[in-house]
Amino acid sequence: MNDVSFDIFPGETFGLAGESGCGKTTLGRTIARLTEAHAGEIWYKGVDLQKLSEEAFLPYRREIQVVFQDPYSSLNPRMGIGEAIVEPMQVHKFHENDRARREKAIELLETVGLQADHFQRYPHEFSGGQRQRICVARALALQPRFLICDEMVSALDVSVQATVLNLLMDLQEKFGLTYLFISHDLSVIKQMCDRLLIMNQGQTEALGYPEDIYKNPEREYVKRLMEAIPGE
C-alpha cells in the first residue's frame, strides 16, 4: 500500500472497495494487527496501535473484531458453536463463570437470529448464512466497538446477503458499532456505507460519499468500476 490515508468516524459504516488483489483485505488485517505493517500509523482513540506491544494491544484486540469471508473455515468443525462463542469470553475473562458465559452465548445466538438449542450443534449443521451469523455472534462476545467485515457476504446467495446486511444494520443501531465494510461488490457497498474508499493496486482511487463517487467518478478506473455495476 502506498500513502493510503483515511478516517473512520464512530458509528459509521466506512466502505473499502476495489478489485481482488488491490490490498483492501491486507489493509483490514493490518488495522486489526493480524498483519504487521512495515510503515505508517494506525490511530485508534488517540493511540498509535502500531507502537503497542502485543500485551499492550490486548485491550484493543477486544474492541476491534473481524468477521471473515468464509464462515466455515472461520469455525473449528470439531467445536460446537456455543463453545466457539464462549471460548473468547474465557480467554479474555469476560463474565464471572462459565455458566454466565453460556447464558451470554445463548443470548448472542438469539440476537443474531438463531436459537438457544443451536448451542450444542456443530458448524456443518448450518447453512452458509447461519454460519456467518454465528461468526458475528462470536465477534460480539467481546463487546467490540469496531467491527471489520471482510467480504463477509460475498460467498452468500443474494437473498441471504440481504438478511445478513439487514442484521448488521440492526446490530449497529443496537450496540453503537462502527464498521469497516470491505467488499468488491459496489452495489452492496452502495447499500451499506456512509463513506467509501476505492483502492487500486494499493493506492487510493476515490474517497468520499458513495452517491458522489457513483454519480461523478473522476478517474478512469473508478468509471470502469461504476459501469460494471449491474443495473447502473
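The values are calculated or read from the model by the stated rules, or taken from the named source; none is laboratory data. None of these values were measured; they are calculated from a predicted model. So basically every Cβ, Gly included, is an ideal-geometry build from the backbone, and we count neighbours across all protein chains shown. All accessible areas refer to the heavy atoms of the entire protein, side chains included, with ligands and DNA or RNA removed. Shrake-Rupley method; radii C 1.70, N 1.55, O 1.52, S 1.80 Å.
Observations
- For the chain, the spread of Cα coordinates along the three principal axes comes to 56, 42, 29 Å, biggest extent given first.
- 1.4 Å probe accessible area per residue over region 82-140, in Å²: 50 Å²
- Spin-label model, Ala37/Asn76: points 7 Å from Cα along the beta carbon direction are separated by 3.2 nm.
- Using θ = phi - 60° in the Karplus curve 6.51 cos²θ - 1.76 cosθ + 1.60, the 3J(HN,Hα) couplings for region 186-198 round to 6, 5, 6, 4, 4, 6, 9, 9, 7, 9, 9, 10, 9 Hz; x is entered for Gly and Pro.
- Normalised by residue count, region 37-129 yields a Cα convex hull volume of 142 Å³ per residue.
- Filter on Lys45/Lys174; Lys51/Lys174; Lys24/Lys215; Lys51/Lys190; Lys24/Lys104; Lys24/Lys51 - keep pairs with C-alpha separation over 27 Å: Lys51/Lys174; Lys51/Lys190; Lys24/Lys104
- Region 45-67 versus region 78-116: alpha-carbon centroid distance in Å: 23 Å
- Protein accessible area in region 8-76, 1.4 Å probe - carbon and sulfur %: 53 percent
- If the chain linking Lys93 and Arg219 were pulled fully straight, counting 0.36 nm for each residue of separation and taking away their Cα-Cα distance, it would gain 40.4 nm.
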